[in-house]
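As structure tokens, the structure follows; a few thoughts come after it.
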Amino acid sequence: MPVKLKWGLLDALVVVFAIVPVLWIVSLSFKTTATLTDGNFIPREWTLDNYRTIFQTDQFVRALVNSIGIALISTLIAVVLGTMAAYAISRLDFPGKGLLVGVSLLIAMFPQVSLVSPLFNIERQTGLFDTWPGLILPYITFALPLAIYTLSAFFKQIPWDLEKAAKMDGATQGEAFRRVIAPLAAPGVFTTAILVFIFCWNDFLFAISLTSTEQSRTVPVALSFFTGASQFEDPTGAISAAAVVITIPIILFVLFFQKRIVAGLTSGAVKG
Amino acid sequence: MADIVLDKVTKSYPDGTIAVHGIDLEIADGEFIILVGPSGCGKSTTLNMIAGLEDITTGELRIGGERVNDKAPKDRDIAMVFQSYALYPNMTVRDNMGFPLKLAKLPKAEIDKKVGEAAKVLELTDYLDRKPANLSGGQRQRVAMGRAIVRNPKAFLMDEPLSNLDAKLRVQMRTQVSRLQKQLGTTTVYVTHDQTEAMTLGDRVVVMRAGHIQQVGDPQTLYDKPVNLFVAGFIGSPSMNFLPATVFPGGLHTPIGDLPIPVKDNAPKDLVLGIRPEHFEDARLVEEALRPRGFEFTLPVDLVESMGSDKYVYFTVEGGKSDLASADLADLAADAGGADLPDQSGLVTRLSAESRVREGADARIWLNLDKIHLFDPSDGRNLTLD
Ligand SMILES: Nc1ncnc2c1ncn2[C@@H]1O[C@H](COP(=O)(O)OP(=O)(O)O)[C@@H](O)[C@H]1O
Ligand SMILES: [Mg+2]
């Protein structure tokens, strides 16, 4: 029993540690400008003004659209490419496999900040600067290694005898993949999608360097440009409200996919 | 249903391993044939080539008279049972068994009917709506069999289908597999590394070693007339005893005494003598008429195992082991992993249950000279055939 208690306390500590700052921001977002700095955890005067403000500014709504669009497209492409690459890596023995894995690891380790200036110049020259593709491309680059790694770990858990069995049962290579492998790989694909989406959604570095207008500015960047309702107003409340709003899509995204992540989906496939 | 012919089939893997060396094999329609051999001898590779899961490097494979080298597995109309069962974990037993029929685009009603029939034969009716994860090992094995039999294929291929079951279940399933095959009359190629399974199941047994076929024959022939040292040692449990023997005018000099038997002139001077355990007997129990056909010797008894029906009696022979050097014996020893390897310094004998031999005491043992085998240690050839 004491062991259980210890673990329980530890868990509680971690949860508190993680959630207090979030709750603090939520609390700030409901406070009026006057009471912002009163130090109370629970607002004395509740207000929805901050939320009204951010949705009245074009800036924020536009940035939200950009963020959702860019993150979804990047996620989709990275997951599709990553699935194919990971399938090949875990399934086939082809020349240069080690190299491919190594290079993708290298990309993941590459300090992103060192790429910002060259990317800025390249995108200015090619006309990608301050466009959606201008952000989607680097996001895919950095999300792919992540996708390949998580996905190949999942693919490796799927017994390949299943694919052979499907072929013997009369399936083509395509059918074997679609009807047998894909359903089993789904949890891995969804997990990867969540990770990639969060990566793209949260990026600030590329977003601030490779955009200049509302046309492709994402929410994290837009937040930093926030000024509040008038130029002289303290924007803390509005920023907090915006921060709360932008965590909602992530929560929805995770909840939506989590239902599909059934652990131990492959159990019972092989042996006794 | 169809016959399967392998015509000089060779498989070399991309890494240069030659797993199968030009094997010739004709499997008749409806036959139950067993591929047996130690691990790594190329059994699975051969089976996978028949299945179409591995390309054939050279040679030709014909099923029902038609060359199928370049046909995809799905176009060969063959079903396979995997060692790992390879059940689809996300599907129920019903869907697992119905999967081949669904792929063949059969109408739903017919699929249900066929799955129902197969489930009845395999006693799986109560489990049709369960997922594989909620089945016991034996049930999973039966689902794997069910998936193979539902669609009435030209042939069954089975790769060590019982090796993941515990010993008791394995014996039960062995009988069931055998009965099923007789009932369906479908050509079956069955891979195993267990010689007991091979002997009890097959119409014919193919003994393989390092990518070569050693001998093909019905179980009794393999047992009575092994073509070489390897087959002799591999088939039979407990395995054949091997002792070094040297030719001298008038007979054979061996660690258990000088055997008065004629040896062919062209035989090498040093030989390997092979005797199966049941060809020994307690000398006191041998009928008078038989006595002159054998040879008697005395050795101290190491161990007696009484099986009820008979007794296994173990002896140690002085000067047995070191003189025996043969590639065949080395392979056998490697396969047995040292456990019940054909122990060259020991003798395993099977005596009648009435025998009164006791551990520690000397025993007088009779050996049937009509049943001994002599092998050439250089190539393992059996010199006593024909
Ligand atoms: N994909 C492969 N690539 C290279 N060598 C292989 C491959 N599969 C099997 N082998 C080799 O081929 C030989 C025969 O293997 P296998 O047919 O699986 O043996 P068995 O089923 O009789 O145990 C072994 O030496 C094995 O190492
Ligand atoms: Mg094998």
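Yes or no: segment A:98-107 includes at least one residue that is away from chain B (no Cβ under 14 Å) and under 27 Å from residue A:244 (Cα atoms). Scanning segment A:98-107 turns up no residue that is away from chain B (no Cβ under 14 Å) and under 27 Å from residue A:244 (Cα atoms).
Can you name every residue in segment B:126-138 that is in contact (Cβ under 8 Å) with a residue 24 or more places away in the chain and more than 8 Å from chain A (Cβ to nearest Cβ)? Hits for segment B:126-138 are B:127, B:128, B:129, B:130.
Using the structure shown, decide if residue A:5 is outside the structural domain of residue A:143 (by TED's automatic domain parsing), modelled with pLDDT under 90 and among the aliphatic types (A, V, I, L, M). No; evaluated as a whole, the condition is false for this residue. The condition of being surrounded by 15 or more Cβ atoms within 10 Å (Cβ to Cβ), at pLDDT below 90 and away from chain B (no Cβ under 11 Å) holds for only one of A:131, A:150, that being A:150.
Looking at the structure I just gave you, is residue B:310 surrounded by fewer than 19 Cβ atoms within 10 Å (Cβ to Cβ) and either out of contact with any helix residue (DSSP H, G or I) (no Cβ under 9 Å at 6 or more places or on another chain) or at positive phi (or both)? No, not satisfied. Among the residues making up segment B:148-164, those that are touching a helix residue (DSSP H, G or I) at 6+ places or on another chain (Cβ under 7 Å) and more than 7 Å from every other protein chain (Cβ to nearest Cβ) are B:149, B:150, B:151, B:156, B:157, B:159, B:161, B:162.
The residues of segment B:150-168 that are within 15 Å of ligand 1 (Cβ to nearest atom) and more than 17 Å from residue B:201 (Cα to Cα) amount to a single one, B:164.
Scanning for something more than 13 Å from ligand 1 (Cβ to nearest atom), β-branched (Val, Ile, Thr) and surrounded by fewer than 19 Cβ atoms within 10 Å (Cβ to Cβ), does segment B:83-94 turn up at least one residue? Yes: segment B:83-94 contains one or more residues that are more than 13 Å from ligand 1 (Cβ to nearest atom), β-branched (Val, Ile, Thr) and surrounded by fewer than 19 Cβ atoms within 10 Å (Cβ to Cβ). I'd like to know if segment B:105-116 contains one or more residues that are within 16 Å of ligand 2 (Cβ to nearest atom) and touching a Lys or Arg at 6+ places or on another chain (Cβ under 8 Å). Within segment B:105-116 (the criterion being within 16 Å of ligand 2 (Cβ to nearest atom) and touching a Lys or Arg at 6+ places or on another chain (Cβ under 8 Å)), the answer is no, since none of the residues qualifies.
Could we say that residue A:166 is within 14 Å of chain B (Cβ to nearest Cβ) and not β-branched (Val, Ile, Thr) here? Criteria met by residue A:166. The residues of segment A:103-124 that are assigned to a loop (DSSP other than H, G, I, E, B), under 17 Å from residue A:204 (Cβ atoms) and out of contact with any helix residue (DSSP H, G or I) (no Cβ under 7 Å at 6 or more places or on another chain) amount to a single one, A:111.
For segment B:98-118, enumerate the residues that are more than 10 Å from every other protein chain (Cβ to nearest Cβ), aliphatic (A, V, I, L, M) and either farther than 25 Å from residue A:159 by Cα or in contact (Cβ under 8 Å) with a residue 40 or more places away in the chain (or both). Those that are more than 10 Å from every other protein chain (Cβ to nearest Cβ), aliphatic (A, V, I, L, M) and either farther than 25 Å from residue A:159 by Cα or in contact (Cβ under 8 Å) with a residue 40 or more places away in the chain (or both): B:106, B:109, B:111, B:118.
Taking the conditions exactly as written (touching a Leu at 6+ places or on another chain (Cβ under 7 Å) and either surrounded by fewer than 18 Cβ atoms within 10 Å (Cβ to Cβ) or within 14 Å of chain B (Cβ to nearest Cβ) (or both)), does residue A:156 satisfy them or not? Answer is no for this residue.
Each residue in segment B:1-33 was checked for being within 23 Å of residue B:65 (Cβ to Cβ) and either part of a strand (DSSP E or B) or within 16 Å of ligand 2 (Cβ to nearest atom) (or both), and 17 of them qualify.
Select from segment B:6-24 the residues that are in contact (Cβ under 8 Å) with a residue 60 or more places away in the chain and away from ligand 1 (no atom under 15 Å from the Cβ) and list them in ascending order. Scanning segment B:6-24 gives a single hit, B:24. No other residue among B:25, B:47, B:106 is among the aliphatic types (A, V, I, L, M), crowded, with 16+ Cβ neighbours inside 10 Å and more than 29 Å from the chain's Cα centre (by Cα) apart from B:106. For segment B:354-386, the set of residues classified as outside any loop (DSSP other than H, G, I, E, B) and either of a type in the set (Asp, Glu) or surrounded by 18 or more Cβ atoms within 10 Å (Cβ to Cβ) (or both) consists of B:362, B:363, B:365, B:366, B:367, B:370, B:373, B:374, B:375, B:382, listed by residue number. Whenever a residue of segment B:153-173 is more than 19 Å from residue B:63 (Cα to Cα) and in the same structural domain as residue B:46 (by TED's automatic domain parsing), its partners that are away from ligand 2 (no atom under 13 Å from the Cβ) and among the basic types (Lys, Arg), lying with C-beta atoms within less than 6 angstrom and at least six residues away or across chains, give the pairs B:162/B:170; B:164/A:271. Residues in segment B:36-85 that are assigned to a loop (DSSP other than H, G, I, E, B), more than 10 Å from chain A (Cβ to nearest Cβ), hydroxyl-bearing (Ser, Thr, Tyr) and within 16 Å of ligand 2 (Cβ to nearest atom): B:39 only.
Listed by first and then second residue, the pairs linking a residue in segment B:37-56 that is at pLDDT below 95 to a residue that is more than 10 Å from ligand 2 (Cβ to nearest atom) and among the aromatic types (Phe, Trp, Tyr), with Cβ atoms under 8 Å apart and 6 or more places separating them unless they lie on different chains, are B:37/B:234; B:38/B:234.
The values are calculated or read from the model by the stated rules, or taken from the named source; none is laboratory data. Bear in mind that the values here come from a model prediction, so they are computed numbers and not experimental data. Here Cβ is always computed from backbone atoms with ideal geometry, including for glycine, and neighbour counts include all displayed protein chains.
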